[in-house]
1. Answer yes or no: is there a residue in the stretch 109-124 that is farther than 24 Å from ILE17 by Cβ and either touching a strand residue (DSSP E or B) at 6+ places or on another chain (Cβ under 7 Å) or of a type in the set (D, E, K, R) (or both).
2. With respect to ALA120, determine if the residue is without any contact (Cβ under 8 Å) to a residue 12 or more places away in the chain, surrounded by 11 or more Cβ atoms within 10 Å (Cβ to Cβ), in contact with a helix residue (DSSP H, G or I) (Cβ under 9 Å, 6 or more places away or on another chain) and more than 30 Å from VAL33 (Cβ to Cβ).
3. Quick one: ALA80 ticks every box in (1) exposed (fewer than 13 other Cβ atoms within 10 Å of the Cβ); (2) of a type outside the set (S, T, N, Q); (3) touching a Lys or Arg at 6+ places or on another chain (Cβ under 7 Å) except a single one, so which number is it?
4. It is to be established whether one or more residues within the stretch 7-22 are within 21 Å of THR136 (Cα to Cα) and either modelled with pLDDT under 60 or among the polar types (S, T, N, Q) (or both).
5. Exactly one of (1) at pLDDT 70 or above; (2) outside any loop (DSSP other than H, G, I, E, B); (3) surrounded by 16 or more Cβ atoms within 10 Å (Cβ to Cβ) is unmet by LEU26. Its number?
Amino acid sequence: MHCKSIAGLLMDTTRVIEHEGTVSELHGNKATVRFIAKSACAHCQLKGVCSEAEVEDKQVEVELMGEKYKVGEKVNIVLAQSLGLKALSYGYLIPFALVMAVLFAVYGATGDEVISGLSALAVLVPYYGGLYLSRTRIKKGFKFYVRKFV
(Lines give C-alpha, C1' and ligand atoms only; values in the text may rest on other atoms or scores of the structure.)
Protein backbone atom coordinates (compact mmCIF):
# COMPACT_ATOMS: atom_id res chain seq x y z
CA MET A 1 0.00 0.00 0.00
CA HIS A 2 1.12 3.52 -0.67
CA CYS A 3 1.28 6.10 2.12
CA LYS A 4 -1.76 7.95 0.71
CA SER A 5 -3.93 4.83 0.73
CA ILE A 6 -2.68 3.87 4.21
CA ALA A 7 -3.57 7.31 5.52
CA GLY A 8 -6.99 7.02 3.89
CA LEU A 9 -7.48 3.60 5.45
CA LEU A 10 -6.54 4.88 8.89
CA MET A 11 -8.90 7.84 8.59
CA ASP A 12 -11.88 5.82 7.28
CA THR A 13 -13.00 3.88 10.34
CA THR A 14 -15.89 2.19 8.49
CA ARG A 15 -13.55 -0.11 6.52
CA VAL A 16 -11.19 -1.17 9.30
CA ILE A 17 -11.01 -3.56 12.20
CA GLU A 18 -9.46 -1.99 15.31
CA HIS A 19 -8.18 -3.36 18.59
CA GLU A 20 -6.83 -1.43 21.54
CA GLY A 21 -3.33 -2.55 22.43
CA THR A 22 -0.12 -1.67 24.24
CA VAL A 23 3.33 -1.27 22.71
CA SER A 24 5.50 -3.99 24.26
CA GLU A 25 8.69 -3.73 22.14
CA LEU A 26 10.23 -1.27 19.69
CA HIS A 27 12.69 -2.24 16.96
CA GLY A 28 13.47 0.16 14.13
CA ASN A 29 10.35 1.28 12.29
CA LYS A 30 8.36 -1.62 13.72
CA ALA A 31 6.80 -2.32 17.08
CA THR A 32 5.35 -5.35 18.80
CA VAL A 33 1.89 -4.59 20.17
CA ARG A 34 0.03 -6.79 22.66
CA PHE A 35 -3.75 -6.80 22.63
CA ILE A 36 -6.65 -8.83 23.88
CA ALA A 37 -8.65 -10.40 21.05
CA LYS A 38 -12.25 -10.81 22.03
CA SER A 39 -14.78 -12.82 20.11
CA ALA A 40 -18.09 -11.13 19.38
CA CYS A 41 -19.53 -13.15 22.26
CA ALA A 42 -17.26 -11.43 24.78
CA HIS A 43 -19.57 -8.41 24.77
CA CYS A 44 -22.78 -10.45 24.91
CA GLN A 45 -24.85 -10.37 28.10
CA LEU A 46 -25.52 -14.11 27.77
CA LYS A 47 -21.86 -15.12 27.44
CA GLY A 48 -21.97 -17.01 30.75
CA VAL A 49 -24.65 -19.33 29.38
CA CYS A 50 -22.63 -20.67 26.46
CA SER A 51 -18.98 -21.59 26.04
CA GLU A 52 -18.42 -19.42 22.97
CA ALA A 53 -17.05 -16.40 24.88
CA GLU A 54 -13.36 -16.22 24.00
CA VAL A 55 -10.77 -13.76 25.17
CA GLU A 56 -7.18 -14.33 24.06
CA ASP A 57 -3.95 -12.39 24.61
CA LYS A 58 -2.17 -11.83 21.27
CA GLN A 59 0.69 -9.82 19.88
CA VAL A 60 1.42 -8.52 16.39
CA GLU A 61 4.25 -6.71 14.71
CA VAL A 62 3.16 -3.40 13.20
CA GLU A 63 4.73 -0.74 10.99
CA LEU A 64 5.13 2.63 12.71
CA MET A 65 5.05 4.79 9.54
CA GLY A 66 7.39 7.43 11.01
CA GLU A 67 5.45 8.11 14.20
CA LYS A 68 7.16 7.91 17.59
CA TYR A 69 5.84 5.55 20.25
CA LYS A 70 7.06 4.43 23.68
CA VAL A 71 6.98 1.01 25.30
CA GLY A 72 3.82 0.80 27.41
CA GLU A 73 1.93 3.36 25.32
CA LYS A 74 -1.69 2.56 24.43
CA VAL A 75 -2.40 2.41 20.70
CA ASN A 76 -5.06 1.25 18.26
CA ILE A 77 -4.09 -1.60 15.93
CA VAL A 78 -5.74 -1.21 12.54
CA LEU A 79 -6.39 -3.87 9.89
CA ALA A 80 -8.35 -3.37 6.68
CA GLN A 81 -11.73 -5.06 6.95
CA SER A 82 -11.13 -6.84 3.64
CA LEU A 83 -8.09 -8.55 5.21
CA GLY A 84 -10.27 -9.70 8.11
CA LEU A 85 -12.55 -11.37 5.58
CA LYS A 86 -9.51 -12.92 3.90
CA ALA A 87 -8.40 -14.39 7.25
CA LEU A 88 -11.94 -15.66 7.86
CA SER A 89 -11.84 -17.38 4.48
CA TYR A 90 -8.48 -19.06 5.13
CA GLY A 91 -9.44 -20.18 8.62
CA TYR A 92 -13.08 -21.19 8.27
CA LEU A 93 -14.82 -20.81 4.91
CA ILE A 94 -12.37 -22.68 2.65
CA PRO A 95 -11.93 -25.58 5.13
CA PHE A 96 -15.72 -25.84 5.52
CA ALA A 97 -16.18 -25.94 1.75
CA LEU A 98 -13.44 -28.60 1.44
CA VAL A 99 -14.98 -30.77 4.16
CA MET A 100 -18.44 -30.57 2.61
CA ALA A 101 -17.17 -31.22 -0.94
CA VAL A 102 -15.14 -34.27 0.13
CA LEU A 103 -17.96 -35.53 2.35
CA PHE A 104 -20.52 -35.50 -0.46
CA ALA A 105 -18.10 -36.67 -3.17
CA VAL A 106 -16.82 -39.66 -1.21
CA TYR A 107 -20.31 -40.57 0.03
CA GLY A 108 -21.60 -40.36 -3.54
CA ALA A 109 -18.77 -42.58 -4.77
CA THR A 110 -18.77 -45.16 -1.94
CA GLY A 111 -22.10 -44.87 -0.14
CA ASP A 112 -20.19 -45.45 3.12
CA GLU A 113 -20.79 -42.82 5.82
CA VAL A 114 -17.74 -43.75 7.90
CA ILE A 115 -15.29 -43.55 5.00
CA SER A 116 -16.82 -40.30 3.75
CA GLY A 117 -16.72 -38.75 7.24
CA LEU A 118 -13.12 -39.77 7.85
CA SER A 119 -12.09 -38.61 4.39
CA ALA A 120 -13.75 -35.24 4.97
CA LEU A 121 -11.83 -34.79 8.22
CA ALA A 122 -8.59 -36.07 6.67
CA VAL A 123 -8.68 -33.37 3.97
CA LEU A 124 -8.07 -30.80 6.71
CA VAL A 125 -4.62 -32.20 7.49
CA PRO A 126 -3.01 -31.24 4.15
CA TYR A 127 -5.01 -27.99 4.03
CA TYR A 128 -3.85 -26.70 7.42
CA GLY A 129 -0.39 -28.20 6.81
CA GLY A 130 -0.18 -26.16 3.61
CA LEU A 131 -1.28 -23.03 5.47
CA TYR A 132 1.39 -23.66 8.08
CA LEU A 133 4.10 -24.13 5.46
CA SER A 134 2.92 -20.97 3.64
CA ARG A 135 2.66 -18.87 6.81
CA THR A 136 5.58 -16.58 5.92
CA ARG A 137 4.13 -15.77 2.50
CA ILE A 138 0.62 -15.37 3.90
CA LYS A 139 1.89 -13.15 6.73
CA LYS A 140 3.27 -10.69 4.15
CA GLY A 141 -0.28 -10.16 2.87
CA PHE A 142 -1.60 -9.13 6.29
CA LYS A 143 -0.29 -5.73 7.30
CA PHE A 144 -1.27 -4.24 10.63
CA TYR A 145 -0.89 -0.54 11.25
CA VAL A 146 -0.98 1.44 14.43
CA ARG A 147 -2.30 4.87 15.38
CA LYS A 148 -2.27 6.87 18.57
CA PHE A 149 -4.95 5.92 21.08
CA VAL A 150 -7.62 8.56 21.45
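1. So the first thing to find is which residues in the stretch 109-124 are farther than 24 Å from ILE17 by Cβ, and the list is 109-124.
Now drop any that are not either touching a strand residue (DSSP E or B) at 6+ places or on another chain (Cβ under 7 Å) or of a type in the set (D, E, K, R) (or both), which leaves 112-113.
Looking through the stretch 109-124, at least one residue is farther than 24 Å from ILE17 by Cβ and either touching a strand residue (DSSP E or B) at 6+ places or on another chain (Cβ under 7 Å) or of a type in the set (D, E, K, R) (or both).
2. Working: without any contact (Cβ under 8 Å) to a residue 12 or more places away in the chain: no; surrounded by 11 or more Cβ atoms within 10 Å (Cβ to Cβ): yes; in contact with a helix residue (DSSP H, G or I) (Cβ under 9 Å, 6 or more places away or on another chain): yes; more than 30 Å from VAL33 (Cβ to Cβ): yes.
Taking the combined requirement at face value, the residue does not satisfy it.
3. Of the numbered conditions (1) exposed (fewer than 13 other Cβ atoms within 10 Å of the Cβ); (2) of a type outside the set (S, T, N, Q); (3) touching a Lys or Arg at 6+ places or on another chain (Cβ under 7 Å), the odd one out for ALA80 is (1).
4. Within the stretch 7-22, the subset within 21 Å of THR136 (Cα to Cα) is none.
No, the stretch 7-22 contains no residue that is within 21 Å of THR136 (Cα to Cα) and either modelled with pLDDT under 60 or among the polar types (S, T, N, Q) (or both).
5. Unmet condition: (3).
Here is a yes/no grid of residues against (1) buried (at least 16 other Cβ atoms within 10 Å of the Cβ); (2) modelled with pLDDT of 85 or more; (3) within 22 Å of the chain's Cα centre (by Cα); (4) closer than 15 Å to TYR145 by Cα:
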| position | (1), (2), (3), (4) |
| --- | --- |
| PHE35 | yes, no, yes, yes |
| LEU46 | no, no, no, no |
| GLU54 | no, no, yes, no |
| GLY72 | no, yes, no, no |
| GLY129 | no, yes, yes, no |
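This table checks each residue for (1) touching an Asp or Glu at 6+ places or on another chain (Cβ under 7 Å); (2) more than 22 Å from THR32 (Cβ to Cβ).
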| residue | (1), (2) |
| --- | --- |
| VAL78 | yes, no |
| ALA97 | no, yes |
| LEU124 | no, yes |
| LEU131 | no, yes |
| SER134 | no, yes |
| ARG147 | no, no |
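The values are calculated or read from the model by the stated rules, or taken from the named source; none is laboratory data. Bear in mind the structure is a predicted one, so any value in this text is a computation, not a measurement. Because the Cβ atoms are built from the backbone with ideal geometry, glycine has one as well, and the counts that use them run over all protein chains shown.
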